[in-house]
Structure formats: structure tokens, C-alpha cells
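To start, the structure under review is shown below, and the notes come after it.
The values are calculated or read from the model by the stated rules, or taken from the named source; none is laboratory data. From a predicted model like this one, the values you see are computed outputs, not experimental measurements. Ideal geometry is used to build each Cβ from the backbone, glycine not excepted, and the neighbour counts take in all protein chains shown.
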Amino acid sequence: MSKVVWLGALMLLGLSGCGGESAPARDDAAQGAEATPAAVEQRGVTDTEIVVGSYTDFSGATAIWGVGSINAAHMRIDELNANGGVHGRQIRFVVEDTQYQVPRAIQAANKLIHRDNIFAMLLSVGTPLNNAVMPQQFEAGVPNLFPITGARSVVEPFHKFKFTQRGIYYDEVRAAVKYFVEQKDSQNVCSIYQDSDYGKEILAGTEDQLKEMAKPMAATSAHKPTETEFTAAILRLREAKCDLVLMGTVHRDTILVLEAARKMGWTDVAWVGNNAAYAQVIADHEAGEGYYAFVHMANMYADDSKSPEVQAWWDAYVAKYNEAPGLAAMEGYRAADLMILAMENAGRSLTTDSLVAALEGITDYTDIFGYRVQFGPDRHSGAKESVLSQVQNKRWVVLGQAITY
């Protein structure tokens with residue numbers, strides 16, 4: 001397929017977006033055949049190096065995730081290379097900035113796959129960007145390792161090259177509904193969400209869990225990702241007597257929704273988000289006080305008690321980048337560590353097939369921060385348990401761990 005035709009096809013894919021919508025059932029034989037091109041030599045692997053790529057966001061709407069995750073991944077890879085690499089090979093990490101734009105992601109992926117000849121893609125940011133790139137990426141035989149998105153599309157339908165280490169938004173919101181209904185006696189469950197693939201996935205998780213519990217949805221409110229005025233939406237939810245609102249929002253609209261509720265004096269309601277709406281910028285805002293989030297890892301602070309290993313990691317990150325590591329850095333470091341572990345377990349004869357087998361063999365991994373990840377031949381989604389955190393006095397405080405639905 002020519003570069004022009006490929007770019008045109010992926011542009012259409014990126015503009016349409018697929019989010020967490022249903023897809024054809026798994027076909028291992030067909031997917032395995034199209035995913036690994038017949039070749040004697042393994043792309044991206046030479047006698048002395050392994051080339052790994054990433055398209056991320058350094059300067060767009062999700063730069064807070066792109067910068068931290070890539071910084072920490074570089075730190076882990078640099079540490080490995082300084083100690084001799086993987087079975088005598090150095091890892092060369094090639095990163096491209098997309099500014100969180102689908103066309104730029106397509107261009108970046110084209111370069112990484114066809115010019116840099118990467119072995120694997122690591123920590124690529126964004127649901128629509130991953131959805132646009134994955135088809136051609138898999139056709140070229142490039143695994144997608146631990147993307148920065150919690151959309152179901154990065155693990156469903158099953159594909160041998162899809163691996164994620166973070167929580168899935170859909171699972172997090174279902175865990176949230178179950179927890180608040182059963183543990184906090186929430187009666188009137190509602191949802192406010194972006195009218196996007198991401199927001200609709202939050203709505204679907206809320207609806208599916210309520211259906212399983214034989215409870216109705218009290219009210220919903222959808223808005224454009226660029227919306228800035230939420231007074232009418234908050235009035236509608238308040239009139240429905242919502243006592244639990246699941247939020248399909250990200251950083252900016254989360255703050256605006258919470259601020260609108262605060263100005264109205266509406267306090268007898270639990271606002272609950274997920275990974276996409278979990279950041280210190282929300283905790284720092286006055287309206288963020290009391291807000292909850294279900295996530296796969298909890299943020300740390302400089303004065304938190306830490307193990308010697310985590311304290312050494314923290315100090316090294318601060319020394320290297322002159323800032324404290326956040327959740328994105330924790331996720332980036334773990335992603336690189338998981339990839340390196342799989343490469344080591346795959347042995348000197350590294351291929352995509354041996355990498356996949358090695359990843360599937362990581363069945364009981366605990367990272368330096370104390371969080372567990374598990375994979376298997378039919379399990380490429382590593383995190384199944386959620387951590388419940390709440391903003392208290394401008395800090396994220398962990399209230400519960402290992403929560404599921």
C-alpha cells in the first residue's frame with residue numbers, strides 16, 4: 001500500500017473514531033497471520049540495538065501525560081542501557097510529538113514504522129490517535145505496548161499485539177457505581193459526560209452496571225468537549241435529586257462542572273471520575289475538594305512515606321528533570337520496566353512472537369510502587385482492580401484499593 005493511500009485511509013479512521021464501541025469477534029488465526037509479516041529478519045532488531053517508538057503529546061491538551069510518561073520511560077531505558085542493555089543490545093527510543101492531533105499521529109506513526117523501522121510502539125497517547133494508527137501498525141507487525149488511554153478499543157477485540165497496563169475507563173466506572181450504591185447507599189445515580197467516544201464509554205459503563213443491579217438512571221447530561229458553561233446542566237441534575245454523578249470528563253470540564261455546582265451550593269452529591277479526570281490540577285482547585293476518582297495507580301507526594309526503592313526513584317527523577325514525578329511518570333516507568341522484563345525473558349532471539357509470549361508469561365508482577373499487573377494468553381489487560389481516591393485539603397488521599405465490580 002502506498003504511503004499516500006495509507007495516510008488517506010488512516011485519516012478517515014481517525015476522524016470517525018471508534019472509542020469503546022463493539023467490534024468483530026476475535027479471530028486468532030487471521031489476526032496472527034496479518035500481524036506478523038513473513039520475514040527472516042526481525043524488524044527493529046539488530047545485533048546491537050532494539051528500536052522502540054512512541055507518538056505522544058508534548059505540547060497539546062494531554063501534554064501532562066505525554067511529558068511525564070516519556071521522561072520516566074527514558075529514565076528506565078537509560079538505566080538499562082548504562083548496564084549493558086538487553087542481552088547485549090541497547091534500546092533506542094524514538095519519540096514524536098503529535099500535539100494530540102490525529103493527522104500528526106498518523107504522520108508520526110508512518111515515520112516510526114516505515115523510516116525508523118521500530119520493533120514496538122510504547123506509551124502512545126490518546127484514544128482517537130491509537131484507534132487511527134493501530135490497523136496499519138498491526139499490519140506492519142508492530143505491537144502496541146501500554147498506550148496512555150483507558151479505552152476498551154486498546155484491548156478489545158482481542159489482538160495478539162494489544163497490551164495495556166492501566167485501568168479501563170469502562171471497568172473503573174462500573175466499579176464506582178457498584179461501590180457507591182452498595183457501600184454509600186447512593187439512590188439516584190446520574191452521569192455527566194462529553195459527547196465523544198470517551199464520554200459515551202463512561203455512560204455505557206454506568207448504564208450497564210445499573211442494569212445489572214436493577215436500578216434506573218436518574219438523569220444524564222451530555223456536552224461538547226469544548227463546552228464552558230454548565231449552569232443549566234447542573235440545574236437539571238440537581239432537580240433529578242442526583243446523589244451520585246459519574247463523570248465522563250477530563251481535567252478542564254471536570255473543574256468547570258465542579259465549580260458550577262459549588263457556586264450553586266450543591267453539596268449533598270458525590271462527584272466521581274476516573275483516570276482521565278485525575279490530576280493534581282483538579283485537587284489544587286477550590287471546587288475539587290471532596291471529588292472522587294477510581295484509578296489504577298494513586299498519585300504520590302514529596303512528603304509521603306516511601307520505600308527506599310521508590311524514594312531513590314523519586315530523587316533520581318527530580319534530579320534529572322527538576323520537577324516532582326506525577327502519576328504519568330509512575331505509569332511511564334512501569335511501562336518501560338514491563339517491556340524490558342519481557343525482552344529479557346524473550347531471550348537473545350528476540351521476535352515479536354517471543355515478546356508476546358514473554359508478556360503473556362508475566363502473571364504476577366508487582367511494580368516498585370506496590371501495584372500488581374497480570375497478563376496471560378487470553379488476558380492482555382493487566383490491571384483489573386481500582387484504587388478509590390478523594391481530594392482532601394488539595395491532596396489525593398487513598399480511601400480503598402483492589403475495588404472491582
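Figures for the structure shown
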| read-out | value |
| --- | --- |
| Region 392-405, subset in a loop (DSSP other than H, G, I, E, B) and surrounded by fewer than 13 Cβ atoms within 10 Å (Cβ to Cβ), residue modelled with the lowest pLDDT | THR404 |
| Close pairs from region 370-394: first touching a residue at least 12 places away in the same chain (Cβ under 8 Å) and under 25 Å from ALA342 (Cβ atoms), partner surrounded by 13 or more Cβ atoms within 10 Å (Cβ to Cβ) and among the small types (Gly, Ala, Ser), Cβ under 7 Å, at least 6 apart | VAL373/GLY382; VAL373/ALA383; GLN374/GLY382; PHE375/GLY382; ALA383/GLY167; SER386/GLY167; SER386/ALA175; VAL387/ALA298 |
| Condition check for ALA276: hydrophobic (A, V, I, L, M, F, W, C), in a helix (DSSP H, G or I) and surrounded by fewer than 24 Cβ atoms within 10 Å (Cβ to Cβ) | no |
| Unique residue being on the phi > 0 side of the Ramachandran plot and in contact with a strand residue (DSSP E or B) (Cβ under 6 Å, 6 or more places away or on another chain) when the list is LEU112, LEU123 | LEU123 |
| Check on SER389, surrounded by 13 or more Cβ atoms within 10 Å (Cβ to Cβ), touching a Leu at 6+ places or on another chain (Cβ under 7 Å) and hydroxyl-bearing (Ser, Thr, Tyr) | yes |
| Among residues of region 289-334, those that are surrounded by 15 or more Cβ atoms within 10 Å (Cβ to Cβ) and of a type in the set (S, T, N, Q), counted | 1 |
| Test: GLU139 is assigned by TED's automatic domain parsing to the domain that holds ALA342, closer than 19 Å to ALA63 by Cβ and at pLDDT 95 or above | no |
| Residues within region 389-402 that are hydrophobic (A, V, I, L, M, F, W, C) and under 17 Å from TRP271 (Cβ atoms), tallied | 4 |
| Residues that are in a helix (DSSP H, G or I) and surrounded by 23 or more Cβ atoms within 10 Å (Cβ to Cβ), drawn from region 180-202 | TYR198, GLY199, GLU201, ILE202 |
